[in-house]
Amino acid sequence: MNTPRTRKALTAVLAAIACLSLAATALASDGGTAVSGMYATFWALVPPVVAIILALITKEAYSSLFIGILVGALFQCDFAPVATLDTVINNGFISAIEGNAGIFLFLVLLGIIVALVNASGGSAAFGRWAQKNIKTRVGAMLATFVLGILIFIDDYFNCLTVGSVMRPVTDGHRISRPKLAYLIDATAAPVCMIAPVSSWAAAVSSTAEDLSTGISGIQLFIQAIPYNFYSLLTFVFIIALAVMKFDYGPMNLHERNAREKGELGALPGSNTEEGSGKGRVMDLIIPVIILFVLCTAGMIYVGGFFGVDAWGGTNHGGDFIGAFGNTDAFIGLPWGGMVALVLLVIYVVARRVLSFKDAMACVPKGFIAMVPPITILTLAVSLKNMTNLLGADVFVGNAMEGASKGLYSLLPAVIFIVACLLAFASGTSWGTFGILIPIVVPVFEPGSALLTIGISACLAGAVCGDHCSPISDTTIMASAGAQCDHVTHVSTQLPYAVTVAAVSFVCFIVAGFVQNAVICLALGAVLTVGALFALRSVTAKSSGSV
């Protein structure tokens with residue numbers, strides 16, 4: 001939204017950056033070094049904070065992320081212009097593209113597959129079927145939630161698949177695209193973080209494997225699941241919110257516009273296409289099944305499940321869990337996506353719902369549809385690279401060591417907050433628990449209940465911060481899956497995520513003393529539903545007073 005207020009805010013931020021530049025240059029001329037002074041300090045978290053604040057003020061992601069990258073590079077290079085440009089290009093953009101080439105390829109492949117399904121008429125046929133069989137808005141939201149729970153292998157795959165499948169259903173019931181994006185985002189990372197067979201479980205177990213915990217990494221992950229309050233209570237929150245039929249915060253306006261005016265908040269050109277009149281429901285279900293099976297096969301193949309050392313890792317012939325622990329989703333997902341695309345082109349041509357020429361026309365369409373998420377993801381990863389160069393991990397590690405000297409039983413709650421803030425600022429769950437788990441483990445006694453709760457707090461906080469962050473790759477994928485504006489998605493889901501986070505924080509305080517997952521989860525469920533009843537009452541009063 002380009003308003004005078006927005007322009008003034010942007011000008012003020014840029015002026016502040018310029019003032020900081022002059023101050024740091026003056027310090028450097030006196031023999032000080034801005035980089036050494038800012039490394040492993042609070043300044044390491046300033047670039048993402050600047051990007052996030054600008055995104056929320058201006059409602060524009062591209063320039064906000066770029067300014068955050070620029071601030072980080074200036075801090076890193078002592079405000080030297082040539083070195084700053086070199087850092088932005090080499091350590092920022094080129095490094096981001098090189099490190100994420102696999103997921104970019106998967107995004108393009110998935111975009112082409114979605115375009116094929118739309119052109120074949122499969123999406124439209126499924127939408128017509130769903131309108132007949134899913135008769136209410138509540139049913140459509142719960143169906144989206146259930147599908148999100150079922151696709152637990154990987155969060156990227158979850159976001160894009162659930163979005164492409166459920167868009168016709170939620171559009172038909174006038175559910176706004178921001179609400180769809182929230183439902184996708186709220187099931188993607190949380191379900192992956194409590195599924196023992198997922199790319200996230202593999203990442204956590206590999207991080208904890210070589211630490212002195214007394215048990216294997218995967219065992220520690222499984223033991224931590226009942227205490228992952230944020231993930232589990234998010235599911236309670238979604239079901240209660242759908243059944244209670246209300247919304248609050250910015251989401252309320254979008255949902256009201258969708259219900260009353262049919263304004264779904266979709267990106268231009270993202271509405272479901274009718275496609276071929278020969279399309280059937282199976283033309284959507286079969287591609288999804290093929291994609292799911294082949295992406296799973298690709299991930300375990302890369303992990304060595306079939307006795308093939310695919311990329312230099314350990315051979316895990318026949319060991320499904322071991323193969324997931326050894327896999328690389330950035331290789332496995334494109335592997336499965338490429339094979340699935342070839343098979344689906346053969347399928348639609350053989351079914352004669354599309355000619356080969358029409359099928360090939362979907363290639364540029366799919367690529368174009370994925371340009372916005374690829375661009376935002378590149379900028380977001382570049383910004384993460386800047387925080388890494390500035391030593392954000394060292395700063396957080398030092399902060400955690402200081403916190404461990406306080407009240408021992410309150411540490412899980414402290415860890416949860418630290419993980420939330422770090423994931424929010426850095427936009428990465430994996431990076432957050434990768435930093436914190438090695439710090440958290442030595443604080444507690446091996447095999448103790450508090451160690452399990454502390455690890456759970458770390459994982460729950462990582463998911464929560466990632467869920468709230470505009471620069472999170474999972475949040476970006478949810479926006480892409482729902483085909484809605486990214487900043488709108490972030491601003492509408494933030495009050496929901498913060499509500500669950502507040503309840504989770506209380507649960508971690510209690511867990512530090514009670515150390516019983518059942519009691520804490522029951523308390524959390526009651527507090528979550530109670531908070532929604534209170535919010536509904538407040539929302540009803542404010543609506544009545546307007």
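The values are calculated or read from the model by the stated rules, or taken from the named source; none is laboratory data. This structure is a prediction, so every number in the text was calculated from the model and none was measured. Positions of Cβ are generated from backbone atoms using ideal geometry, with glycine treated the same way; all protein chains shown enter the neighbour counts. Surface areas here come from the heavy atoms of the whole protein model, side chains and all, with no ligands, DNA or RNA. Shrake-Rupley method; radii C 1.70, N 1.55, O 1.52, S 1.80 Å.
Things worth noting here:
- In order along region 87-94, the Karplus-derived 3J(HN,Hα) couplings, from 6.51 cos²θ - 1.76 cosθ + 1.60 at θ = phi - 60°, round to 5, 4, 6, 7, 6, x, 5, 5 Hz, and Gly and Pro are given as x.
- Averaged per residue, region 485-546 has 45 square angstrom of accessible surface, using a 1.4 angstrom probe with ligands and nucleic acids left out.
- For region 76-195, the Cβ-based charge dipole about the Cα centre amounts to some 1060 debye (Lys, Arg positive; Asp, Glu negative; other atoms uncharged).
- Estimated at 0.36 nm per residue, the fully extended path between VAL518 and MET338 surpasses their Cα-Cα distance by 60.4 nm.
- Distance from region 73-89 to region 121-167 (C-alpha centre basis), Å: 45 Å
- The amide H of GLY303, built 1.01 Å from its N in the peptide plane, has ASP328 as neighbours under 5 Å, considering only residues 5 or more places off or on other chains.
- When the residues MET477, MET360 are ordered by accessible surface, computed with a 1.4 Å probe over the protein chains alone, the sequence from largest down reads MET360, MET477.
- For region 61-179, the alpha carbon convex hull comes to 136 Å³ per residue, rounded to a whole number.
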